[in-house]
Each structure stands twice: as C-alpha cells, then as structure tokens.
Amino acid sequence: MSVNAAVLAAIAPLMAFFVTLILTRKRPWLSAGISVGAVSISTVCAVFLLFRHWEMTEPVLYTSTWMVSGAISIPLGIMLDPLSLLMLVIVGGICLLVQIYSIGYMEGDPGFSRYFTFMSLFAWAMITMTISPTMLQLYVFWELVGLSSYLLIGFWYEKFSAGQAGKKAFVMTRLGDVAFLIGILLVLVHAGNLNIVEINSLGPSETMSPLIITLAVLLIFGGIIGKSAQFPLLTWLPDAMEGPTPVSALLHSATMVAAGVFLFARLFPFFSLTPTAMALCLAIGTVSMLLASTMAMVSRDIKQVWAYSTISQLGYMIMGLAAGGYVAGVFHLTTHAVFKALLFLCSGVFIHALHTNDMFDIAKSSGRRMKIPVICLIIAGAALAGLPPFSGFFSKELILAKLAALDNPIWLIFALAGVFLTAYYTFRLIFIILFPKPGPSDADSTSIAADEAERHDVKPHPIRQTMATPLIILAAITLVLGFFEDPVERFLSATVTESLSASGMHHGWPAFMALGLSVAGVLLALIEFGLPKSRQIGFAERMPFVYNLFSKRWYIDHVYRYFIDYVIDRGVAKICARNDKKVIDKSIDTFCDGIVESSRFLSFLHAGMIQYRLIVVFATLFFLSLYLLLG
Amino acid sequence: MIVPFSHVMILSGIVFLMGVFCAVARRNLIMILLGLEIMLNAASIAFVGGSLHFHLMEGQVFALFIIAAAAAEVSVGLALFVCVYRRTGSLDPGIGE
Amino acid sequence: MTLYAIIFYLLAALIIISTGIAITRRNMVHVVIYLVFSFFGTAMLFYLLGAPLLALLQIIIYAGAVMVLFLFIIMMLRVEAPEISMFPFSQWVPAAALCAASVVLGLLLLIPESQLGKPLETAIATPSDFGFYLFKRHWLTIELVSILLLVALVGAFHLGKSKLSAKSEDPS
C-alpha cells in the first residue's frame, strides 16, 4: 500500500510530462490541467503516506535490482523514512501551489504548455530523488533536477540573459556534481555498496579509513555546494532569477537548492563520522550566509534580495546540520521552504502587475495598495527575519541553540550577526514598498521599465484568484508551522540514533539575543527607510567602497572571470590546444596518412586486374588448406 | 599392380600447379581460361585415381561432370572474350589499369 | 616395376612435359596443340586407371571439341600481337612463390602417409557398368548437367548475337 502510493506519487508527474510533451502541445489549458492534476495526486499520496507512517520506527524499503556488476548490485526502488516523507510533502505541496499560481502568472505566454511540461519533469525528478534508496538513484535524479532547472531558468530563451543564466546555473552546479560523483564512486569502491541505509548505519567506519571518509564527505559536500549555491559557487543563484517568478519560487525555496541540504540531512550520520569535514562545512555555511546577507543589503531588485536571502538561509541550514543539529537543519528547511516560496510568489504578484523588478518602482507604482500580497509579504518577511510567532523564529532558534552548544563561540557570533542582517534587509525591502517617497532614489532611478510604466499609467491588474489562493494557503502555513516543532522533531528523530537527535537548550539565552537582534535590525531598517524623514539610503550605501563590494557580489564573479581568462584560457587551454595540435591531431593525421598510403598500396587487389584477384584467391586457398591440414 | 596412389596424386598436384601458374602469370585472357582447363584436368586425374584406389565409381562420375562443366564454362568464357575483344580490341586482362 | 608402372610414368612424363611446354609458348596455336597432347596423355592415363568410357569422352570432348573451339576463337580473333612480356614480373613472382609453397606443403603432407604407398590394383569399369551406375544413381544430376549445358549454349549465343545486332543497329 505504502509502496504503491509512493510509486504513484513518483509516476504521476512523469506521465504528465510525457503526455504534455507529446500530445497536448497545442492545448495549453489541457496541459496545465494534466500537470496540476498529476502533482495533486503526488501531493495527496505524500500526505497520505505522512499520516500513515507518522508513528514509524523503521524505514520502509522496497527495491528491485537494476544492474548487477560482479559483487556490486545496484537496486532501484523506494525508501520511505521520516526525512523523505517530510521532504515529499514539502516538495509535493510547494510544486502544487506553485503550479496553481503559475496558471495565473503564465497566462497568455506562448510557451504555456511547454512550461507545464518542464514543471512536471521537475516535479518527477524531485519527488523521485527524495525517495531514493541508493546514492546512485539519488544522483541520477539529482542530475535530472539540474537539467529541468536549466530548462526552467532559461525558459524565456529569447532573452539572451535568460539563456546565459540557465547555462551558468547548469555549468556551476555541474562543477559540484562532478565532485559529488567522484565521492559516490569513492564510497562505492571502499564500502562496496551505495545503499543509503547501510552507509548511514556507521558501517563504513569499519571498512573505510578516516581519511577516505573525510575525502568522500568533502567530495559529496562539493555537490551540495553546487546545488545549494554555497560559497564559492554561489553566483549562479542570483542570475537564475531570469526565469519566471514561479520558477524562482519553486527552485529557490523548497526544491532544487534545498536538494543540497536534503542530501546533507540524508547522509547526516555518514557526515558526522568526520569532525574535520563537518567543521569545514560549518565554515562554508557561515561564509555563504554572511556574504549573501551583505549582498542582499544593497540590492534594488526585489527578486535578487530573495535570491541572496535564500543563499544565506541555506547557509544557516548547513550551519545547523554541520553543528550536529539534524532536526534543526531539517526543520529550518521545512519552514524556509514555505515562507520563501511565499516571498517569491508575493514578489511575483508585484512583478506581474507592475512589470518591474525594482523595489523603488514598485513603491512608486503604489504596490502597497495590493492588500493580499502586501500582508503576505509582511508575514513571510517576519518569518524570514525570525520574529515570533512566525515559523522562522522557531527553526532559527533551534539552529542557534545548536551553535551555542559548540565550544567555539565564534560561530554563534557570526550566526547572530546574520540574524541582524537578515532582519535588516528584509524590512528594508518591506519599508521601501510600504512607504514610498520621492527621495533621492528617484533621481538616479534608471529603470526603463519603470519609465514606461509611468508613461502608460499602467493600472495594477486585479489579482487573480489562482494567484491569491496559494499565497493565502502559504501564509497560513507560515503562521502555524512553528508550533509543530515538537511533533516534527519526534517524527524526525524516530529512526535516528538518540545521540544525534538530542536537541540543545530550548528557548535559552541565544533565542532572546536573536530576538533582540532581529528587533534591532527591524528598527534600524525603520529608521533608515520607514520614518517619514528618512532618506531611504542604507548605512551600507553611504560607504562607496562597501557598497561597491556588496553590489558587485564581493567580486566573486570577477575573480572567476579573471581566473578563467588568465589561468584557464591562457594557461591550461593553450597547453591543451598545443597538445591537441601537435600530439593528438598529428598522431591521427599520421595514422590516417598511413592508412591512405597502405590502402593505395593494397588497392591493386581490387583494381580490376583479374589475375591479382586470382593470386589472392589461390593464396587464400593455400592458407585455408594449410589451416585445415595442419591445424 | 600399377603405382602407389600417392604418385597419381603427385602428378595431379604438379599439373594443377602448372595450371595455377598459367592462369596467374600469363598476361592473356585465353591463357587464363586454358589454365583453368589444366586445373580441371588435374582434378579429374585425381578423381579417377581415387576411384580406383577406393573402388568407388563415384570418382569417375565426378570426372564426367567435370568434363561437362568445363565444356559449359569454356563456351560461355570464350563468348565473353569475344565480346571483350570487340569492345577493347585486346585480350589483355590488365587493360583497365 | 611392372609394365603398368612403366606405362604410368611414361604417360606422366608426357603430360607434365607437354603441359610445361604449352604454358610457356608465346604462340597461342602452339599452346593449344601442346595441350591437346597433354589431354591425350590424360585420356590414356584414364584408360590405364580403369575408366575406358571417360578416356573416350576426354578425347572427344576435351581434346576434340573444347580445344577446337579454342583454336577457332584464336584464329577468329587473330591474336597474333605478342604479349608485351609473357610473364610480367609482378605476376610470376607471387605465382611461383605460391606454387613453391604448395609443393613444399604437399610433400610434407604426403611423406608421412604410409598407406598411400601401396600399389593400386588394376580394375576396370566397363562402359556398360559405368552407364548403368550413372543412370541409376545419378540420373537427376545428369539432367541438371544437361540443363547447365543448354544454359551455357543459350548464354554463349546471346553474348555473341546481341553485340552483333547492337553493332549492326549502330548507325556509325
């Protein structure tokens, strides 16, 4: 029963993908209906499975052999444990809501049908990935997620920048995926199989040396870095905002980027075998969190802000997981999925109605008059900033408690700084939209889209029902999800050994400090952007050097460009080109010339001279008889 | 008491190799055909010798069929040579080179 | 050495020598004449080996009809122009190598075979025995061979005729 439901959940979007791909290209509404219906089936199955297995103690495992090579057998199947069930519900639910929202958002787009085809592909890949019982199956669908995200980010491929962004996302995640694949192979070679349950059962520590485990963990973490856009591969995510806004909501809240964190949680017992690697993960999470927060402080593009905040929140999750907080990380993943999807969808409403991404233009076009999105935006923003009683507060507080339990206080300090910055940039955006004023930002506003919008005096569209409903549902979930902390914690820790799941202090001093810092951040934002006399210039923007640093993304892209130009282009590529020309081409040329020459030499055999053929016939006859008589 | 069977086979082999040499080495289409005739002749010598050695009539029957096949082959082959000669004016097998 | 053996060696010498002379003649007519000698020798060898009917057929068909056909074609085409070189180097060297290798191979194979050293008993298959055997056991093959000869006849006729008619239709 459970297995059937899980298979149905995984297969339905695949069917929808093929049907919409092949049959219903010309009927957009039918495609949308099929796609939404399929993902609804998946969601219903996921919820059903979650309730059915709420009291589970043992993971449900169903596998059948896919390929056998010597002693290595690679199964294909389904694994249902608390983590995958929770992830299944998140993925299914967010996919469903985003697809419903997309019906309104994408209406009239020429690629409407194609959009839902890609959406179904994405849903299939993501759902199957969450229930994978082996690393290899997980990797296959991990790559499929990468492919479908490439298709979705570059959905408006007529736009050059969208195509570039899709390529960038694909290539940069691929960098991490290569490391991930090598890590998988390392585990396969040393542990003998790839079953997640067995890898997690502390078995590898007997067959693998600590050094190998550390290496494997670091390589797999490379995949996480790529997928979850952590430092140093974080620059693809802001660019990926070129896709349609629902795509950003889907990819960058609950699913694609969360896949990295999901992998971390999936292999959490394996990762915790090596404190060294965990320390490095912690450092990388911290660095990404801080870098992304600072970038978000100066951005004017509403979607970019959420993109940076996604990176920073993912950094938080990785910090929580790396600090040993399995439940903390996964719970933050859950709450973040909900409120970040809500944030993106709210921004999508503004963008759809006002045709601009710039937050000052949205403010000037009186975006605040749209009641539902503004209220939802405030709720989600408060959750992001970690204000009680919204869900973000609870999950963030769990992570902070874990960090406070570490010996080194520096991680906690960084995390608290991150909390402050998060609250600041979130409410900076909210106040800018809420309190528009003809400030100095008016003068240097160069957005062409905004000018056009003013010239034509565009009336905001009335918000569509299909777009409003998901917003309200998500806002409601954001409000109440925080209070489910304890049940979720019990559910998640049911199958994990006790030492790993023991959570730290509850509502200790870090929680109050975090609350204080969030309020401080909100107040600073209020002073700088909210009050009637404020000039709407942030403290970071007053310092040109810092502003440049932040708005140029800490020059990470420049470093990449420089690296590619000078090291790869002029160094490695040149050597490779020389190798190609002088060694490979030359050897092939020589070989070919040799073939041509020898063929010319041998061509007398069939050049029409009958007697040469006779010679060949007799020689063959001779050798045949030699073989028959002597052999 | 005639001779050992191996002597008959040696004779047949020598004649066959002469036929091979004639067919391969002479630069003339008719000589190729004559070489084939010599080879067939050698084969029928071997068959008749074998027929006596094994006391089986089949060898002689086969020699008869060889003669028939040779007659058919010669008639078609010579007709073809006539065509070739009319077209190219020569009987050189390497004319195309 | 019996009389039969002496006759056999004489016939073998006749066959080998006349064939050897034949394949080295430049004049095609001489070649055919020497080959007729060789085929006569073969026919007599058949007689010696107990196949009188075959010996007769060899003389009638081979030495008679086939060789006359060759002569006829040679004279019709008047291939008097001598070949540029009778044995081109690129042909006779591989041919000679092949023949030498075959001789070596054949000798190597024949030397260890001791049972072949036993002299053959004389025996004879009279024409009537042979004919009965042939038409009792191989009547179908005979029919097939006759069809083959018919086809060869038609083919040769067609090859000769179509070219002639094509030539006569050619206005130039």
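Taking the conditions (1) open to solvent by less than 70 Å² (accessible area, probe 1.4 Å); (2) more than 14 Å from chain B (Cβ to nearest Cβ); (3) at pLDDT 75 or above in turn, A:Phe601 satisfies each one other than (1). Comparison of B:Gly50, B:Gly59 shows that the only residue that is more than 23 Å from B:Pro93 (Cα to Cα), in contact (Cβ under 8 Å) with a residue 40 or more places away in the chain, more than 7 Å from chain C (Cβ to nearest Cβ) and not hydroxyl-bearing (Ser, Thr, Tyr) is B:Gly50.
Among the residues making up segment A:391-428, a single one is among the small types (Gly, Ala, Ser), surrounded by fewer than 24 Cβ atoms within 10 Å (Cβ to Cβ) and within 25 Å of the chain's Cα centre (by Cα): A:Ala417.
Checked against the criterion of being more than 15 Å from the chain's Cα centre (by Cα), at negative phi and part of a helix (DSSP H, G or I), segment C:56-73 contains one or more residues that satisfy it. Taking the criterion of being more than 24 Å from B:Phe16 (Cα to Cα) and more than 9 Å from every other protein chain (Cβ to nearest Cβ), the residues of segment C:92-143 that qualify are C:Ile124, C:Thr126, C:Pro127, C:Ser128, C:Gly131, C:Phe132, C:Phe135, C:Lys136, C:Trp139, C:Leu140, C:Glu143. Of the residues making up segment B:18-30, those that are at the interface with chain C (Cβ under 7 Å from one of its Cβ atoms), open to solvent by less than 30 Å² (accessible area, probe 1.4 Å) and assigned to a helix (DSSP H, G or I) are B:Val20, B:Cys22, B:Val24, B:Ala25, B:Ile30.
Give all pairs with beta carbons closer than 8 Å in which a residue from segment A:1-25 that is within 15 Å of A:His53 (Cβ to Cβ) meets a residue that is of a type in the set (Gly, Ala, Ser); count only pairs at least 6 apart in sequence or on separate chains. Within 8 Å, the pairs are A:Ala9/A:Ser42; A:Ala9/A:Ala46; A:Ala9/A:Gly92. Do we have any residue at all in segment A:49-57 that's modelled with pLDDT of 80 or more, within 26 Å of the chain's Cα centre (by Cα) and either assigned to a helix (DSSP H, G or I) or closer than 16 Å to A:Ala5 by Cβ (or both)? Checked against the condition, which is being modelled with pLDDT of 80 or more, within 26 Å of the chain's Cα centre (by Cα) and either assigned to a helix (DSSP H, G or I) or closer than 16 Å to A:Ala5 by Cβ (or both), segment A:49-57 yields at least one hit. Residues in segment B:62-80 that are more than 7 Å from every other protein chain (Cβ to nearest Cβ) and either outside any helix (DSSP H, G or I) or farther than 12 Å from B:Glu37 by Cα (or both): B:Phe62 only. Among the conditions (1) at the interface with chain C (Cβ under 9 Å from one of its Cβ atoms); (2) not in a helix (DSSP H, G or I), the only one that B:Pro93 does not satisfy is (1). Here A:Ser120 fulfils each of the conditions (1) surrounded by fewer than 24 Cβ atoms within 10 Å (Cβ to Cβ); (2) outside any loop (DSSP other than H, G, I, E, B); (3) not aromatic (Phe, Trp, Tyr) apart from (1). Examine segment A:265-277 for a residue that is open to solvent by 10 Å² or more (accessible area, probe 1.4 Å) and of a type in the set (S, T, N, Q), and state whether such a residue exists. Yes: segment A:265-277 contains one or more residues that are open to solvent by 10 Å² or more (accessible area, probe 1.4 Å) and of a type in the set (S, T, N, Q). The residues of segment C:1-28 that are more than 7 Å from chain B (Cβ to nearest Cβ), open to solvent by 40 Å² or more (accessible area, probe 1.4 Å) and touching a residue at least 12 places away in the same chain (Cβ under 8 Å), listed by number, are C:Ile7, C:Leu14, C:Ile21, C:Thr24, C:Arg26.
Considering segment C:48-64, and only residues there that are more than 10 Å from chain B (Cβ to nearest Cβ) and open to solvent by 50 Å² or more (accessible area, probe 1.4 Å), the residue that is nearest to C:Asp129 (Cα to Cα) turns out to be C:Leu56. The conditions are (1) within 30 Å of A:Ala249 (Cα to Cα); (2) among the hydrophobic types (A, V, I, L, M, F, W, C); (3) open to solvent by less than 10 Å² (accessible area, probe 1.4 Å), and A:Met172 fails exactly one of them. Which is it? So the condition that A:Met172 fails would be (3).
The values are calculated or read from the model by the stated rules, or taken from the named source; none is laboratory data. Here the structure is a predicted model, which means the values were calculated and not measured. Here Cβ is always computed from backbone atoms with ideal geometry, including for glycine, and neighbour counts include all displayed protein chains. What goes into the accessible areas is simple: the full protein's heavy atoms, side chains included, and nothing from ligands, DNA or RNA. Shrake-Rupley method; radii C 1.70, N 1.55, O 1.52, S 1.80 Å.
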